[in-house]
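Take a look at the structure set out below.
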Amino acid sequence: MKTKIQRLAMGALLTLGLTTVTACSGSDSASDTTVATNPPAPMITVSGEWARTSPAATDMGAAYLTINTDADDTLQSVAVDASVAAMAQIHEMVPVENSMSTASTMAGSPGTTMDSSAMTMKEVDHIDVKAGIALELKPGSYHIMLMKLVKPLLTGESFKMILTFAKAGQVEITVPVLEDAP
């Protein structure tokens, strides 16, 4: 009888031990809820890229393009090979505040008037890109300024440019040099 009780006790202890191990290990589905996952990087599409042919007497140029994304992101910077220009910056055209110009009045005497067409460029540190809304970098608006060109940008040539986004990372594009927008 003593042996029978010992066997029952051992069996109970073994069952209790297995139950404890199984309960502590948890299930796969329970552990899945605690795993942190990073959302996928936005899909960036660049189209219509081009740079304007530059006059021989200047050391600056401009590039234009359209950016589309499937998730909000931020264009943080642009870069171009040193064989093309010393630097590239994101610029925006903005009205000049308190711009005054000399104009003729009805009587023919010069007078001072507000000039609503005066614009200037300013560097911006980023551009927000919204999902599903095309961001067009174009003349008279946002654009990429190429500073200290090594040589003038000539029609028919092209160069590489790298766009860096906060979430999507780097996107390399080839920019053709054209006389006018495509």
Practice problem: Go through the residues of the range 134-142 one by one and say whether even a single one is out of contact with any Phe, Trp or Tyr (no Cβ under 9 Å at 6 or more places or on another chain), among the aliphatic types (A, V, I, L, M) and touching a residue at least 12 places away in the same chain (Cβ under 8 Å). | Solution: yes
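Does D81 qualify as being assigned by TED's automatic domain parsing to the domain that holds K167 and modelled with pLDDT of 95 or more?
Values: assigned by TED's automatic domain parsing to the domain that holds K167: yes; modelled with pLDDT of 95 or more: no.
Against the criterion (assigned by TED's automatic domain parsing to the domain that holds K167 and modelled with pLDDT of 95 or more), D81 does not qualify.
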Practice problem: Take the range 115-141 and flag every residue that is outside any loop (DSSP other than H, G, I, E, B) and either of a type in the set (A, V, I, L, M, F, W, C) or exposed (fewer than 13 other Cβ atoms within 10 Å of the Cβ) (or both). | Solution: M119, T120, M121, K122, E123, I127, D128, V129, L135, L137
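Only one of A71, A63 is at pLDDT 95 or above, in a strand (DSSP E or B), at negative phi and not acidic (D, E). Can you tell me which?
Numbers: A71 fails: in a strand (DSSP E or B).
Among A71, A63, only A63 is at pLDDT 95 or above, in a strand (DSSP E or B), at negative phi and not acidic (D, E).
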Exercise. Given the conditions (1) more than 27 Å from T66 (Cβ to Cβ); (2) modelled with pLDDT of 95 or more, report the number of the one that T174 does not fulfil.
Key: (1)
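Can you pull out the residues in the range 156-182 that are assigned to a loop (DSSP other than H, G, I, E, B) and either loosely packed, with under 12 Cβ neighbours inside 10 Å or of a type in the set (D, E, K, R) (or both)? Lay out the reasoning, then the answer.
First, pick out the residues of the range 156-182 that are assigned to a loop (DSSP other than H, G, I, E, B): 156-157, 166-168, 179-182.
Passing the criteria: G156, E157, K167, E179, D180, A181, P182.
Residues are listed down the side, and each one gets a yes or a no for (1) assigned by TED's automatic domain parsing to the domain that holds L153; (2) exposed (fewer than 14 other Cβ atoms within 10 Å of the Cβ); (3) free of Cβ contacts under 8 Å to residues at least 24 places away in the same chain; (4) within 15 Å of H143 (Cα to Cα):
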position: T37; (1), (2), (3), (4): no, yes, yes, no
position: G48; (1), (2), (3), (4): yes, no, no, yes
position: P55; (1), (2), (3), (4): yes, yes, no, no
position: A62; (1), (2), (3), (4): yes, no, no, yes
position: L65; (1), (2), (3), (4): yes, no, no, yes
position: D72; (1), (2), (3), (4): yes, no, no, no
position: L75; (1), (2), (3), (4): yes, no, no, yes
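Looking at the structure I just gave you, is A88 among the hydrophobic types (A, V, I, L, M, F, W, C), modelled with pLDDT of 95 or more and not in a strand (DSSP E or B)?
Numbers: among the hydrophobic types (A, V, I, L, M, F, W, C): yes; modelled with pLDDT of 95 or more: yes; not in a strand (DSSP E or B): no.
No.
The values are calculated or read from the model by the stated rules, or taken from the named source; none is laboratory data. Remember, predicted model here, so these are calculated numbers, not experimental data. Using ideal geometry, Cβ is built from the backbone for each residue, glycine included, and neighbour counts are taken over all protein chains shown.
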